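Read the structure below first, then the notes.
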Amino acid sequence: MATSQNGWPASPNPSSIDIAAFSVAGIPFPGGVKSGDVATVLGYVAEQFHNRVEQLITPGCWGYNYRPISGGNSLSNHSSGTAIDLSAPRHPLGQRGTFSGAQVAEIHRILAEVDNTVRWGGDYTGRVDEMHMEINTDPGRVATVAARIRGGGDGPTPQPPGPGHHRTLSRGSTGADVALVQRYLGIAADGIFGPATDAAVRTYQHNQGLTADGIVGPATWARIDSGLGHPGTDPGSDPAPTRPTLRKGSTGPAVRELQTRLNTSYPAYSHLVADGDFGPATEQVVREFQRRAGLTVDGIVGPHTWARVGF
Ligand SMILES: [Zn+2]
């Protein structure tokens, strides 16, 4: 069977590849999308986009459509039902800057919540397509993310569970309970359990005499709930995250976090070794990011660049 650009089966016959009707927040996506895990993940992205970035409009949202990539030879990911367009008239193909910097940061946050299994056309290195979202990985990873979304607790603002009813958290977890742990540990509370959170949890566990496995399970939750060994600010307070200004020669966990975020959010041009060492390669990627984001291109990661990276 033919495949679309992302490797998923494509067909001019939509029923042969499980295309089903699709709508988000009452807005129809003519053409539909591939049912099951793809619909769950794209549905999450579109719904969060609608709630947090910009309200969807109709007509203007689209799904499955068997066609070549405009101006190219390979089949568009719309041909496999693994791509959607959001509010097309507002975000025309090829036009850059149809979203504000804050909106772009929010889009990247949403994509991080689905482990970047979805790619945004605004991040294309060639001609940008800011209306466009597409599945950018294999069925296995999409299934993992879809299961987490269906399991609940993965929304942007679920209520933090009470003591004794905590969800077990680890690398890849997202949500308000992750932010709760991050605030407790005194690190940036972005609600995404990434490498920096993993490191902070392990340090806390080590200092508390717990098994330092980076997994916030019942024992670690119990210690956090007890308030013992509290390393940072009060639980529940919401300090503005402060991040060090980084430049060539900087080292440490913040550099590693930056490198990891650049790699996961901008795989088109960021392939850094996340070694916590801000060398020439990291500087080059930072400059490229700044150039694309319309920031001052100085290779220095200060508050503006941190914010645009999505922190
Ligand atoms: Zn599209």
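What follows is calculated from the coordinates using simple rules that are stated; it is not laboratory data. None of the values given here were measured: they were computed from a predicted structure. Here Cβ is always computed from backbone atoms with ideal geometry, including for glycine, and neighbour counts include all displayed protein chains.
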Positive-end extreme of charge dipole, the chain - chosen from Thr168, Phe22, Val255 (charges on Cβ): Val255
Prolate/oblate/rounded call for the stretch 157-226, Cα gyration tensor, a/c under 1.5 rounded: oblate
Listed residues His50, His91, His206, most fluctuating in the chain (Gaussian network, C-alpha, under 10 Å): His206
Dipole in debye (nearest 20) - the chain, about Cα centre, beta carbon charges: Lys, Arg +1; Asp, Glu -1: 360 debye
Positive-pole candidate from Met1, Gly217, Phe99, dipole of the chain, charges at beta carbon: Phe99
Likely footprinting exposure, Lys248, Lys34, fewest C-beta neighbours within 10 Å first: Lys248, Lys34
Given charges at Cβ of Lys, Arg, Asp, Glu: the stretch 40-137 dipole, positive-most of Val41, Ser70, Gly60: Ser70
